[in-house]
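Scroll down for the structure; my scribbles are underneath it.
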Amino acid sequence: MAKKPPIRVALDLETTGLHAEQDSILEVAAIKFQGDAVLDTMETLVAPGRPVPYRVQRLTGITSQQLVGVPQFESIAKKLQLFIGDFPIVGHSIPFDVGFLRRRGLVRANPLIDTFELATVLLPSLPSYNLGQVAEALGVIVVPGRHRAMVDTVLAMQVFLALHRRLQSVDLSLLKD
């Protein structure tokens, strides 16, 4: 009987900026998956406690008006922590997202699987390693709505699975070189 693949959690955050120390989380999306099977999902907008910068509104489409009445991060933190558990966290440039969560006391010891880093090793000649470019190079369909947490989480999961399949076919001695 074939061994079941491990459970992992794909994750993406949308934030008000690039600095975990001073910026806020706007949106959280996570997918718990085992191989190609999605086991559970979690998605929520989060009140940032400040206006959404215009450049972030243009990138994500998330406006301050959309965030009226949504929960603050503290009220979803426990649910998110339980969802993630101790499972490995998958994402594109995942240390960025996890930095925001660690700053808020979550995901201290989870292994991280960065699709950006995997892509630089397994797809060495790409002109760019942004999530869309990596997905395209792997033949993963990119749907509209990029830079929204769930769309990017699904894409990161699919990119991870494609990179994982590619990794399985690589000669390990060649990889060591």
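The values are calculated or read from the model by the stated rules, or taken from the named source; none is laboratory data. Just so it is clear, the model here is predicted, and its values are computed rather than measured. When we count neighbours, we look across all protein chains shown, and the Cβ atoms used for this are built from the backbone with ideal geometry, even at glycine. When the accessible area is computed, the model is the full protein with side chains, heavy atoms only, and any ligands, DNA or RNA have been set aside. Shrake-Rupley method; radii C 1.70, N 1.55, O 1.52, S 1.80 Å.
Listing for the model above:
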| item | result |
| --- | --- |
| Criterion (closer than 18 Å to residue 99 by Cα and β-branched (Val, Ile, Thr)) met by exactly one of 31, 7, 25 | 25 |
| Test result for residue 66, at pLDDT below 95, in a helix (DSSP H, G or I) and open to solvent by less than 90 Å² (accessible area, probe 1.4 Å) | yes |
| Which listed residue, of 126, 122, is farther than 17 Å from residue 15 by Cβ, buried (at least 17 other Cβ atoms within 10 Å of the Cβ) and without any contact (Cβ under 8 Å) to a residue 60 or more places away in the chain | 122 |
| Some residue of segment 85-94 being polar (S, T, N, Q) and more than 17 Å from residue 33 (Cα to Cα) | yes |
| Residue match in segment 137-154 (condition: open to solvent by less than 20 Å² (accessible area, probe 1.4 Å) and more than 21 Å from residue 62 (Cβ to Cβ)) | no |
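Each row is one residue, and each column tells you yes or no for (1) touching a Pro at 6+ places or on another chain (Cβ under 6 Å); (2) of a type in the set (D, E, K, R); (3) open to solvent by 20 Å² or more (accessible area, probe 1.4 Å).
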{"site": "16", "(1), (2), (3)": "yes, no, no"}
{"site": "21", "(1), (2), (3)": "no, yes, yes"}
{"site": "28", "(1), (2), (3)": "no, no, no"}
{"site": "37", "(1), (2), (3)": "no, no, yes"}
{"site": "40", "(1), (2), (3)": "no, yes, yes"}
{"site": "43", "(1), (2), (3)": "no, yes, yes"}
{"site": "49", "(1), (2), (3)": "no, no, yes"}
{"site": "57", "(1), (2), (3)": "no, no, yes"}
